[in-house]
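Below: the structure, in structure tokens.
The values are calculated or read from the model by the stated rules, or taken from the named source; none is laboratory data. Please read all numbers here as calculations on a predicted model, not as lab measurements. Cβ placement follows ideal geometry from the backbone for every residue including glycine, while neighbour counts extend to all protein chains displayed. SASA here: full protein model, heavy atoms, side chains in, ligands and nucleic acids out. Shrake-Rupley method; radii C 1.70, N 1.55, O 1.52, S 1.80 Å.
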Amino acid sequence: EVGAVLEIVIDGLSEADLRAQVVRTIENFGWLVQFVEADPQVPSLAYTVGLTGFGLPEICVVGLSPQSAGDLLNHAAELCLAGQTGPGSRVFSHDGCEYLLGPVSPADLLVALDVYGSSVRALELRAG
């Protein structure tokens, strides 16, 4: 099932085991959504890991809850894979909010960079 919500428990996993779990998840589902909690100085960040394997940019969004970010990113990823959206396109969340896809540095997409290295490109969904 594409777009499944998964939680990978990282406590006690080595870096190699965690990477293997990420790769298995991508193999099974096509991509995953990595969520990074907010802290007082930085908003939350969520991003796809796996779209690079399809020759597409990863997609990220900041400031949303894990569920909202996951829903939006899974929807945007499906549109990208279907060739229905790309840089400069508008994407609407399930609740009708409009987002614009624009290029962004992949520097903060650490899991994607770990899996795919320097081939990672990224787009950010910005509220429009």
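Worth a mention:
- Residues that are assigned to a helix (DSSP H, G or I), among the aliphatic types (A, V, I, L, M) and without any contact (Cβ under 8 Å) to a residue 40 or more places away in the chain, drawn from region 53-80: Ala69, Leu79
- Among residues of region 54-71, those that are under 13 Å from Leu123 (Cα atoms) and touching a strand residue (DSSP E or B) at 6+ places or on another chain (Cβ under 8 Å), counted: 6
- Failed criterion for Leu45 (all others in (1) without any contact (Cβ under 8 Å) to a residue 40 or more places away in the chain; (2) surrounded by 12 or more Cβ atoms within 10 Å (Cβ to Cβ) hold): (1)
- Single condition Arg19 does not satisfy, out of (1) touching an Asp or Glu at 6+ places or on another chain (Cβ under 8 Å); (2) in a loop (DSSP other than H, G, I, E, B): (2)
- Selection status of Val62, among the aliphatic types (A, V, I, L, M) and touching a Phe, Trp or Tyr at 6+ places or on another chain (Cβ under 9 Å): no
- Asn28 fulfils the conditions (1) in contact with a helix residue (DSSP H, G or I) (Cβ under 8 Å, 6 or more places away or on another chain); (2) part of a helix (DSSP H, G or I) except for a single criterion, (1).
- Residue among Gly50, Gly83, Gly88, Gly96 that is touching a helix residue (DSSP H, G or I) at 6+ places or on another chain (Cβ under 6 Å) and on the phi > 0 side of the Ramachandran plot: Gly50
- Per-region count, region 91-106, residues open to solvent by less than 60 Å² (accessible area, probe 1.4 Å) and more than 16 Å from Leu73 (Cβ to Cβ): 1
- Any chance Leu125 is within 22 Å of Asn28 (Cβ to Cβ), in contact with a Phe, Trp or Tyr (Cβ under 7 Å, 6 or more places away or on another chain) and buried (at least 19 other Cβ atoms within 10 Å of the Cβ): no
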